[in-house]
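The values are calculated or read from the model by the stated rules, or taken from the named source; none is laboratory data. Being a predicted model, the structure only gives us computed values, none of them experimental. Positions of Cβ are backbone-derived with ideal geometry, glycine not excepted, and every protein chain shown enters the neighbour counts.
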Amino acid sequence: MSAIRGQLRPSRRQIRRFSSEILADFQIGKTLSLNTFTPFGSENPEGLIVPTSPPPLTLWNKILGRTGIAWFCVAAIGQTAFILFIASYYGVRTATGNYAGWNDKSLIKGHVPGDDAGNLMFALHVLLAAVMTFTGLIQLVPVLRRKFPKLHRWSGRMFLVLACFLALGGLWLTWGRVTYLSLVSAVSVSLNAVLILVCAAYTLRFALARRFADHQRWAMRLFMVANGVWFIRVGLMGWILINQSPRWMNSTMSGPADIVISYGSFLIPLAVLELYSAARRSRSVPAKAAASLLVAGATVFTGIGILGASMFLWF
C-alpha cells in the first residue's frame, strides 16, 4: 500500500514543473480548461492525478459549441445570399444608371425623382450594407483571425465604421426622409441604430484599452444588432412560412407579429447571444442543455427564414 501511495504522490520536481506550466499559461493569456489535462492511467508519464470535467458537462459543452457553429454556418449562407442579392440587383442598377429600377422591388421609399440627397443616401445605405455584412462575416471566422491578423483588424475597423455610418444614415432616412410605414416601426429602427452606436463605442473602447476579452464580447453584440436589417427579413419570412400566411401582420408593419419581429430583429439575437455566452461560461449541465436547445431552435428558424427570403424577397 505504501508503494502505491508513493506512485500517486508527485515529487517536488513534478509539482514545480506542473505549477510553472500553469503560470506560463496565465502569462500568455491562455484560457485553462480542466478537461485539457490527461487523467491518471492514460498516457500520463508523470503519473499525476489531475481533475477532469464530468462526462455530462463535457458532452453538453461540446453540443453547445456545435450548435453555435451550426447557427453561424446557416447564417453565413443566408448573409452571403443577401450580399449577392444587393450586388446583383441594386449594384447592377446603380452602376448602369437605372436608378428608377430600384423601385421594381417593394420599397417604402426608394428612388424619388428630384430628391438627389435622399437618392444618394439610399444608394449608399443599400450598397454599403453589403460591404458591412461581408466584413462582419470575416470577423467571425477563427481561421482568418489566427492566420491573417491584419485582415481581421482592418476588416473589423471597416465593419465598425460602416455600422456607425449606416446607423446614422438609417436615422436620417427614417426621420429626415420620412421612410417608415408606422410610428412603431420607426421607433424600432431608431432603437436599433442607438444600440449599434453604443455597441460600437464599447467595442472600440476595449480594443484601444487592449482588453480583448471585453472587446470580443462587445464586437459580437455589435454584429448582432448591426445585422438587424438582415434579421428582420429572415424573421418576417420565417414567420410567414411557418404560419403559411402573414398572420397578425398588416400593410403598415404595426400588427402584433410585425411589432414583435421589428423589435425582435435585434433584441432577440442579442438575448440569444447573451444566454449562449452565459451557458458557455457556466458549469451547469441544465444551463448548457437549455442553451443548446435554444440555439438549435434558432438555427432551424433562421434556415426557414433564409429560404423564404431567398425565394420571395431576393431572387
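Would you pick out the residues in the stretch 94-150 that are among the basic types (Lys, Arg) and under 21 Å from VAL229 (Cα atoms)?
The answer is LYS105, LYS109.
Exactly one condition in (1) under 27 Å from VAL272 (Cα atoms); (2) without any contact (Cβ under 8 Å) to a residue 12 or more places away in the chain is false for ILE83; which is it?
Of everything listed in (1) under 27 Å from VAL272 (Cα atoms); (2) without any contact (Cβ under 8 Å) to a residue 12 or more places away in the chain, ILE83 misses just condition (2).
Identify the residue in the stretch 120-144 that is without any contact (Cβ under 8 Å) to a residue 12 or more places away in the chain and within 14 Å of MET220 (Cα to Cα) and, among all such residues, is farthest from the chain's Cα centre (by Cα).
Selected residue: PRO142.
Among the helices (runs of 4 or more DSSP H) confined wholly to the stretch 73-180, which include 1 or more residues that are at pLDDT 95 or above?
Values: elements: 92-95, 116-139, 142-147, 149-171.
Result: 92-95, 116-139, 149-171.
ARG210 fails exactly one of the following numbered conditions: (1) in contact with a His (Cβ under 9 Å, 6 or more places away or on another chain); (2) not in a helix (DSSP H, G or I). What is the number of that condition?
The single condition ARG210 does not satisfy is (1).
Can you tell me which residues in the stretch 176-214 are under 20 Å from LEU270 (Cα atoms) and crowded, with 19+ Cβ neighbours inside 10 Å?
SER185, SER188, VAL189, ASN192, ALA193, LEU195, ILE196, CYS199, ALA200, THR203, LEU204
This table checks each residue for (1) farther than 29 Å from SER106 by Cβ; (2) among the aliphatic types (A, V, I, L, M); (3) over 14 Å from the mean Cα position of the chain (by Cα); (4) at pLDDT 95 or above.
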| site | (1), (2), (3), (4) |
| --- | --- |
| ASN250 | no, no, yes, yes |
| ASP258 | no, no, yes, yes |
| SER265 | no, no, no, yes |
| PRO269 | no, no, no, yes |
| VAL272 | no, yes, no, yes |
| SER277 | yes, no, no, yes |
| ARG280 | yes, no, yes, yes |
| SER284 | yes, no, yes, yes |
| VAL300 | no, yes, yes, yes |
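Got at least one residue in the stretch 225-248 being surrounded by fewer than 21 Cβ atoms within 10 Å (Cβ to Cβ), over 17 Å from ALA75 (Cβ atoms) and either modelled with pLDDT under 95 or among the small types (Gly, Ala, Ser) (or both)?
Yes; the residues of the stretch 225-248 include at least one that is surrounded by fewer than 21 Cβ atoms within 10 Å (Cβ to Cβ), over 17 Å from ALA75 (Cβ atoms) and either modelled with pLDDT under 95 or among the small types (Gly, Ala, Ser) (or both).
I'd like to know if the stretch 221-236 contains one or more residues that are more than 20 Å from SER106 (Cα to Cα), part of a helix (DSSP H, G or I), of a type in the set (D, E, K, R) and without any contact (Cβ under 8 Å) to a residue 24 or more places away in the chain.
Looking for residues that are more than 20 Å from SER106 (Cα to Cα), part of a helix (DSSP H, G or I), of a type in the set (D, E, K, R) and without any contact (Cβ under 8 Å) to a residue 24 or more places away in the chain, one finds none in the stretch 221-236, hence no.
Here are VAL112, VAL141: which of them is closer than 23 Å to LEU171 by Cα and surrounded by 12 or more Cβ atoms within 10 Å (Cβ to Cβ)?
Being closer than 23 Å to LEU171 by Cα and surrounded by 12 or more Cβ atoms within 10 Å (Cβ to Cβ) holds for just one of VAL112, VAL141, which is VAL112.
Only residues that are on the phi < 0 side of the Ramachandran plot and free of Cβ contacts under 8 Å to residues at least 12 places away in the same chain: list them for the stretch 86-99, please.
Of everything in the stretch 86-99, those that are on the phi < 0 side of the Ramachandran plot and free of Cβ contacts under 8 Å to residues at least 12 places away in the same chain turn out to be SER88, VAL92, ARG93, ALA95, THR96, ASN98.
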